[in-house]
């Protein structure tokens, strides 16, 4: 999957960070629980990369958070125009 930074990725990343802090866990501990490399988790949290649905489910389970938490407040306008065109095909 191409790594396309967007306001949407930043929004989801912020929510992952919030959930991780609430769970009082580190990047490395979350990586160990999910099988996701800690550098990828940092990329998600910083908004440099957009996690897949599968990845969000793994993170949610490891943090004891509902997957919907990561999507709360997410709107289509947070995705940049180039990303919308790419997905439209």
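Computed from the coordinates by the stated procedures, all read-outs in this text should not be read as laboratory data. What you see is a predicted model, and the numbers here were worked out from it, not measured in a lab. Neighbour counts run over all protein chains shown; Cβ positions are idealised from the backbone, glycine included.
The table that follows gives values for the structure above.
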{"read-out": "In degrees, nearest ten, helix 53-63 long axis to first principal axis of the chain (Cα)", "value": "30"}
{"read-out": "Degrees separating the helix 7-22 axis from the principal Cα axis of the chain, which is the longest one", "value": "10"}
{"read-out": "Whole-number percent relative contact order across the range 7-88, with pairs defined as alpha carbons under 8 Å at least 6 apart", "value": "40"}
{"read-out": "Option label - percent of Cα pairs over 21 Å apart computed here, alternatives (i) 25; (ii) 16; (iii) 38", "value": "(i)"}
{"read-out": "Simple spin-label estimate for residue 14 and residue 74 in nanometres, 7 Å along Cα-Cβ", "value": "1.4"}
{"read-out": "Exposure proxy order (Cβ contacts within 10 Å, fewest to most) of 42, 22", "value": "22, 42"}
